Amino acid sequence: MNQELIRINSIDGIEQVGILYTSKERTKKIVIHVHGLNGNFYENRFLDTLAKSYTNQNIDFLTCNNRGTNFITEFLKGDDFIVIGGCLERFQDCILDIQGIINWVKAKGYQEIILEGHSYGCNKVLYYYNETKDQNIKKIILLAPCDIPKEVEKFLTKEEYEQVKSLSTKLVHSGKEKEFVDFSIMANGKISAGTFYYDFLPNGKNDFLKYSASEKNDFLNQIDIPVSVIFGSDDECVLTEKIEVVKKYLKNNIQNCQIHIIEGANHSFQKKYKELEHVISK
(Lines give C-alpha, C1' and ligand atoms only; values in the text may rest on other atoms or scores of the structure.)
Protein backbone atom coordinates (compact mmCIF):
# COMPACT_ATOMS: atom_id res chain seq x y z
CA MET A 1 0.00 0.00 0.00
CA ASN A 2 1.35 3.41 -1.01
CA GLN A 3 0.28 6.79 0.41
CA GLU A 4 0.20 10.20 -1.23
CA LEU A 5 -0.80 13.58 0.21
CA ILE A 6 -3.23 15.22 -2.21
CA ARG A 7 -4.97 18.57 -2.65
CA ILE A 8 -8.35 18.66 -4.38
CA ASN A 9 -10.45 21.76 -4.97
CA SER A 10 -14.15 21.83 -4.27
CA ILE A 11 -16.34 23.15 -7.10
CA ASP A 12 -16.14 26.63 -5.57
CA GLY A 13 -12.36 26.49 -5.21
CA ILE A 14 -11.80 25.49 -1.56
CA GLU A 15 -8.68 23.36 -1.19
CA GLN A 16 -9.43 19.99 0.40
CA VAL A 17 -6.32 18.26 1.73
CA GLY A 18 -6.32 14.49 2.07
CA ILE A 19 -4.49 11.24 1.55
CA LEU A 20 -4.77 8.67 -1.24
CA TYR A 21 -3.95 5.06 -0.41
CA THR A 22 -3.19 3.00 -3.51
CA SER A 23 -3.07 -0.75 -3.98
CA LYS A 24 0.01 -2.62 -5.17
CA GLU A 25 -1.64 -3.23 -8.54
CA ARG A 26 -3.29 -0.50 -10.58
CA THR A 27 -7.06 -0.47 -10.16
CA LYS A 28 -10.05 1.48 -11.44
CA LYS A 29 -11.97 1.01 -8.17
CA ILE A 30 -11.87 3.52 -5.33
CA VAL A 31 -13.60 4.24 -2.03
CA ILE A 32 -14.12 7.93 -1.24
CA HIS A 33 -14.50 8.51 2.50
CA VAL A 34 -16.39 11.57 3.82
CA HIS A 35 -15.67 12.39 7.47
CA GLY A 36 -18.23 13.45 10.05
CA LEU A 37 -19.08 16.73 11.77
CA ASN A 38 -15.93 18.63 12.81
CA GLY A 39 -13.83 15.69 11.61
CA ASN A 40 -10.81 15.42 9.34
CA PHE A 41 -9.01 12.94 7.11
CA TYR A 42 -6.67 11.51 9.73
CA GLU A 43 -8.06 11.65 13.28
CA ASN A 44 -10.22 8.51 13.38
CA ARG A 45 -7.87 5.56 13.79
CA PHE A 46 -10.27 3.22 12.02
CA LEU A 47 -9.22 4.96 8.79
CA ASP A 48 -5.93 3.04 8.98
CA THR A 49 -7.94 -0.18 9.19
CA LEU A 50 -10.12 0.77 6.25
CA ALA A 51 -7.14 1.74 4.09
CA LYS A 52 -5.50 -1.61 4.75
CA SER A 53 -8.67 -3.61 4.15
CA TYR A 54 -9.57 -1.91 0.87
CA THR A 55 -6.11 -1.88 -0.67
CA ASN A 56 -5.67 -5.56 0.23
CA GLN A 57 -8.66 -6.14 -2.05
CA ASN A 58 -7.18 -3.98 -4.82
CA ILE A 59 -9.48 -1.05 -4.13
CA ASP A 60 -7.86 2.37 -3.63
CA PHE A 61 -8.96 4.55 -0.73
CA LEU A 62 -9.24 8.34 -0.57
CA THR A 63 -10.05 10.39 2.51
CA CYS A 64 -10.14 14.21 2.45
CA ASN A 65 -10.95 17.17 4.61
CA ASN A 66 -14.04 19.12 3.61
CA ARG A 67 -15.48 22.50 4.58
CA GLY A 68 -16.85 20.95 7.78
CA THR A 69 -13.34 20.09 9.00
CA ASN A 70 -12.75 20.78 12.70
CA PHE A 71 -14.75 23.50 14.47
CA ILE A 72 -13.45 26.70 12.87
CA THR A 73 -10.94 26.19 10.08
CA GLU A 74 -8.95 28.40 7.71
CA PHE A 75 -8.91 27.02 4.16
CA LEU A 76 -6.93 28.04 1.11
CA LYS A 77 -9.09 29.30 -1.74
CA GLY A 78 -6.77 30.09 -4.59
CA ASP A 79 -4.16 32.42 -3.11
CA ASP A 80 -6.57 33.70 -0.46
CA PHE A 81 -8.05 32.25 2.71
CA ILE A 82 -11.61 31.55 3.81
CA VAL A 83 -12.82 30.55 7.28
CA ILE A 84 -15.48 27.83 7.59
CA GLY A 85 -15.39 24.59 9.63
CA GLY A 86 -18.18 22.63 11.29
CA CYS A 87 -19.48 25.65 13.20
CA LEU A 88 -20.08 27.59 9.99
CA GLU A 89 -20.70 25.11 7.19
CA ARG A 90 -24.02 24.61 5.45
CA PHE A 91 -25.01 21.02 4.76
CA GLN A 92 -26.12 21.55 1.17
CA ASP A 93 -22.61 22.73 0.25
CA CYS A 94 -21.39 19.12 0.62
CA ILE A 95 -22.39 18.81 -3.05
CA LEU A 96 -19.59 21.22 -3.96
CA ASP A 97 -17.01 19.34 -1.87
CA ILE A 98 -17.89 15.82 -3.01
CA GLN A 99 -18.30 16.83 -6.66
CA GLY A 100 -14.79 18.25 -6.67
CA ILE A 101 -13.44 14.94 -5.38
CA ILE A 102 -15.53 12.90 -7.82
CA ASN A 103 -14.21 14.98 -10.72
CA TRP A 104 -10.65 14.44 -9.50
CA VAL A 105 -10.90 10.64 -9.24
CA LYS A 106 -12.56 10.38 -12.65
CA ALA A 107 -9.72 12.41 -14.16
CA LYS A 108 -7.33 9.90 -12.57
CA GLY A 109 -9.06 7.07 -14.45
CA TYR A 110 -11.21 5.57 -11.70
CA GLN A 111 -14.46 4.17 -13.07
CA GLU A 112 -16.07 2.37 -10.13
CA ILE A 113 -16.69 4.54 -7.07
CA ILE A 114 -17.89 3.54 -3.62
CA LEU A 115 -19.04 6.48 -1.50
CA GLU A 116 -18.46 6.02 2.21
CA GLY A 117 -19.49 8.32 5.03
CA HIS A 118 -18.92 8.34 8.77
CA SER A 119 -21.49 9.96 11.10
CA TYR A 120 -22.58 13.29 9.50
CA GLY A 121 -20.68 12.17 6.40
CA CYS A 122 -23.36 9.50 5.90
CA ASN A 123 -25.98 12.19 5.40
CA LYS A 124 -23.67 13.90 2.93
CA VAL A 125 -23.00 10.87 0.72
CA LEU A 126 -26.69 9.92 0.62
CA TYR A 127 -27.64 13.48 -0.27
CA TYR A 128 -24.94 13.72 -2.94
CA TYR A 129 -25.99 10.47 -4.58
CA ASN A 130 -29.67 11.34 -4.72
CA GLU A 131 -28.94 14.80 -6.10
CA THR A 132 -26.62 13.54 -8.85
CA LYS A 133 -27.40 9.85 -9.48
CA ASP A 134 -23.83 9.53 -10.78
CA GLN A 135 -23.63 6.20 -12.63
CA ASN A 136 -20.01 5.70 -11.61
CA ILE A 137 -21.11 5.36 -7.97
CA LYS A 138 -21.80 1.67 -7.50
CA LYS A 139 -22.28 1.35 -3.76
CA ILE A 140 -22.66 3.35 -0.55
CA ILE A 141 -21.18 2.47 2.84
CA LEU A 142 -22.58 4.15 5.94
CA LEU A 143 -20.47 4.03 9.09
CA ALA A 144 -22.57 5.06 12.09
CA PRO A 145 -25.29 7.11 10.33
CA CYS A 146 -27.08 9.58 12.64
CA ASP A 147 -30.49 11.15 13.03
CA ILE A 148 -28.95 14.62 13.41
CA PRO A 149 -31.87 16.65 14.87
CA LYS A 150 -32.67 13.89 17.40
CA GLU A 151 -29.00 13.56 18.31
CA VAL A 152 -28.86 17.29 19.04
CA GLU A 153 -31.90 17.02 21.30
CA LYS A 154 -30.35 14.03 23.06
CA PHE A 155 -27.13 15.81 23.99
CA LEU A 156 -28.62 19.17 24.98
CA THR A 157 -30.74 19.98 28.00
CA LYS A 158 -34.29 21.04 27.16
CA GLU A 159 -33.51 24.58 28.31
CA GLU A 160 -30.36 24.85 26.18
CA TYR A 161 -32.14 23.42 23.14
CA GLU A 162 -34.97 25.95 23.36
CA GLN A 163 -32.52 28.82 23.88
CA VAL A 164 -30.35 28.01 20.87
CA LYS A 165 -33.43 27.31 18.74
CA SER A 166 -35.04 30.62 19.66
CA LEU A 167 -31.91 32.74 19.27
CA SER A 168 -30.77 31.14 16.00
CA THR A 169 -34.22 31.62 14.51
CA LYS A 170 -34.23 35.29 15.51
CA LEU A 171 -30.75 35.89 14.06
CA VAL A 172 -31.47 34.12 10.76
CA HIS A 173 -34.65 36.12 10.29
CA SER A 174 -32.58 39.26 10.94
CA GLY A 175 -30.03 38.35 8.27
CA LYS A 176 -27.32 37.44 10.78
CA GLU A 177 -26.73 33.79 9.86
CA LYS A 178 -23.00 33.83 10.65
CA GLU A 179 -23.40 35.22 14.16
CA PHE A 180 -22.52 32.66 16.84
CA VAL A 181 -24.84 31.27 19.50
CA ASP A 182 -24.02 29.09 22.51
CA PHE A 183 -23.95 25.38 21.69
CA SER A 184 -22.28 23.07 24.20
CA ILE A 185 -21.90 20.08 21.84
CA MET A 186 -19.17 21.92 19.94
CA ALA A 187 -15.73 22.01 21.55
CA ASN A 188 -15.66 25.80 21.37
CA GLY A 189 -19.20 25.99 22.76
CA LYS A 190 -20.43 27.96 19.73
CA ILE A 191 -22.21 27.42 16.43
CA SER A 192 -23.37 29.85 13.77
CA ALA A 193 -27.07 30.67 13.80
CA GLY A 194 -27.45 29.61 10.17
CA THR A 195 -25.80 26.24 10.66
CA PHE A 196 -28.05 25.39 13.59
CA TYR A 197 -31.26 26.80 12.13
CA TYR A 198 -30.98 25.23 8.69
CA ASP A 199 -29.16 21.98 9.44
CA PHE A 200 -29.69 20.94 13.08
CA LEU A 201 -33.41 21.53 13.43
CA PRO A 202 -36.04 19.09 12.04
CA ASN A 203 -37.03 19.17 8.36
CA GLY A 204 -33.73 20.50 7.00
CA LYS A 205 -32.13 19.11 3.84
CA ASN A 206 -30.18 16.55 5.89
CA ASP A 207 -33.14 15.32 7.95
CA PHE A 208 -33.93 12.02 6.25
CA LEU A 209 -32.58 9.52 8.80
CA LYS A 210 -35.65 9.84 11.04
CA TYR A 211 -35.32 6.70 13.13
CA SER A 212 -38.40 7.44 15.21
CA ALA A 213 -40.67 7.94 12.18
CA SER A 214 -43.16 5.24 11.25
CA GLU A 215 -43.96 6.42 7.72
CA LYS A 216 -41.86 5.62 4.66
CA ASN A 217 -39.12 8.09 3.79
CA ASP A 218 -39.38 9.23 0.17
CA PHE A 219 -35.79 10.47 0.09
CA LEU A 220 -34.23 7.18 1.18
CA ASN A 221 -36.55 5.20 -1.09
CA GLN A 222 -34.78 6.82 -4.05
CA ILE A 223 -31.44 5.16 -3.22
CA ASP A 224 -31.24 2.53 -5.96
CA ILE A 225 -27.77 1.06 -5.38
CA PRO A 226 -26.57 -1.33 -2.65
CA VAL A 227 -26.03 0.22 0.78
CA SER A 228 -24.04 -1.33 3.62
CA VAL A 229 -24.61 0.09 7.09
CA ILE A 230 -22.18 -0.55 9.93
CA PHE A 231 -22.55 0.69 13.49
CA GLY A 232 -21.77 -0.41 17.01
CA SER A 233 -24.13 -1.78 19.62
CA ASP A 234 -22.85 0.90 22.02
CA ASP A 235 -22.96 3.83 19.60
CA GLU A 236 -23.95 6.83 21.70
CA CYS A 237 -24.81 8.94 18.63
CA VAL A 238 -26.68 6.54 16.33
CA LEU A 239 -28.85 5.07 19.04
CA THR A 240 -31.31 7.88 19.65
CA GLU A 241 -33.80 5.01 19.46
CA LYS A 242 -33.50 1.34 20.44
CA ILE A 243 -31.22 -0.63 18.17
CA GLU A 244 -34.05 -2.72 16.72
CA VAL A 245 -35.98 0.45 15.83
CA VAL A 246 -32.96 1.82 13.96
CA LYS A 247 -32.45 -1.45 12.08
CA LYS A 248 -36.14 -1.68 11.11
CA TYR A 249 -36.18 1.91 9.86
CA LEU A 250 -33.14 1.41 7.63
CA LYS A 251 -34.40 -1.90 6.24
CA ASN A 252 -37.85 -0.47 5.53
CA ASN A 253 -36.58 2.61 3.74
CA ILE A 254 -33.46 1.59 1.78
CA GLN A 255 -34.23 -0.82 -1.06
CA ASN A 256 -31.00 -2.84 -1.00
CA CYS A 257 -29.63 -2.55 2.52
CA GLN A 258 -27.27 -4.76 4.52
CA ILE A 259 -26.84 -3.97 8.20
CA HIS A 260 -23.86 -5.03 10.30
CA ILE A 261 -23.71 -4.41 14.04
CA ILE A 262 -20.38 -4.69 15.82
CA GLU A 263 -20.94 -5.71 19.42
CA GLY A 264 -19.41 -3.36 21.96
CA ALA A 265 -18.37 -0.74 19.40
CA ASN A 266 -18.93 2.97 19.98
CA HIS A 267 -19.31 5.79 17.45
CA SER A 268 -15.63 5.70 16.46
CA PHE A 269 -15.27 1.89 16.64
CA GLN A 270 -12.57 2.26 19.29
CA LYS A 271 -11.02 -1.06 20.36
CA LYS A 272 -13.08 -2.80 17.65
CA TYR A 273 -10.90 -2.11 14.62
CA LYS A 274 -10.28 -5.80 13.89
CA GLU A 275 -14.01 -6.48 13.93
CA LEU A 276 -14.56 -3.53 11.57
CA GLU A 277 -11.85 -4.86 9.24
CA HIS A 278 -13.56 -8.25 9.21
CA VAL A 279 -16.91 -6.73 8.21
CA ILE A 280 -15.35 -4.50 5.55
CA SER A 281 -13.31 -7.32 4.03
CA LYS A 282 -16.52 -9.27 3.43
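For the reader, a short list of remarks on this structure follows.
- Solvent-accessible heavy-atom area per residue, rounded to whole Å², over the stretch 113-158 at 1.4 Å: 31
- TYR127 accessible area, assembled protein chains, probe 1.4 Å, Å²: 20
- Pairwise centroid distance, computed over Cα atoms, of the stretch 89-167 with the stretch 170-230, Å: 10
- Accessible area in the full protein assembly, largest first, 1.4 Å probe, for MET186, MET1: MET1, MET186
- Qualifying GluC sites (Glu not before Pro) in the stretch 6-94, DSSP loop, other Cβ atoms within 10 Å at most 15: GLU25, GLU43
- Summed side-chain charge close to LYS28 - residues other than LYS28 whose Cβ falls under 14 Å, Lys, Arg +1, Asp, Glu -1: +2
- Length gained on full extension, LYS176 to THR132, computed as 0.36 nm times the residue gap minus the Cα-Cα distance: 12.7 nm.
- In this structure the stretch 1-111 gives 46 Å² per residue of accessible area when probed at 1.4 Å with all protein chains present.
- Placed amide H near GLN16: partners under 5 Å, 5+ positions off or other chain: ILE8, ASN9, SER10
- Derived scalar couplings between HN and Hα for the stretch 268-282 equal 10, 6, 4, 6, 10, 5, 5, 5, 5, 4, 4, 5, 4, 5, 7 Hz in order, rounded to whole Hz, by the Karplus curve 6.51 cos²θ - 1.76 cosθ + 1.60 (θ = phi - 60°), x for Gly and Pro.
- The accessible area of LYS108, taken with all protein chains in place and a 1.4 Å probe, comes to roughly 100 Å².
- Counting protein heavy atoms only, the chain has 46 percent of its accessible area on carbon and sulfur, 1.4 angstrom probe.
- Close amide H pairs (under 5 Å, H built 1.01 Å from N) link ILE259 with VAL229, residues at least 5 positions away or on another chain.
- Within the chain, helix-based [θ] at 222 nm, where runs of 4 or more DSSP H residues each add -39,500 (n - 2.57), nearest 500: -10000 deg cm²/dmol
- Scanning residues 5 or more positions from LYS190 or on other chains, those with amide H under 5 Å from its amide H are PHE183, with H placed 1.01 Å from N in the peptide plane.
- In this Cβ point-charge picture (+1 for Lys and Arg, -1 for Asp and Glu), the chain has a dipole of about 740 debye about its Cα centre.
- The stretch 196-265 shape via C-alpha gyration tensor axes, a/c threshold 1.5: oblate
- Nearest-10 value in Å² for the accessible area of VAL105, using the 1.4 Å probe: 0
- The magnitude of the dipole of the stretch 158-282, with charges of +1 and -1 set on the Cβ of Lys/Arg and Asp/Glu and taken from the Cα centre, is near 160 debye.
The values are calculated or read from the model by the stated rules, or taken from the named source; none is laboratory data. Quick caveat: nothing in here was measured; it's all calculated off a predicted structure. Glycine gets a Cβ as well: all are built from the backbone with ideal geometry, and neighbour counts include every protein chain shown. For accessibility, only protein heavy atoms count, side chains too; no ligands or nucleic acids. Shrake-Rupley method; radii C 1.70, N 1.55, O 1.52, S 1.80 Å.
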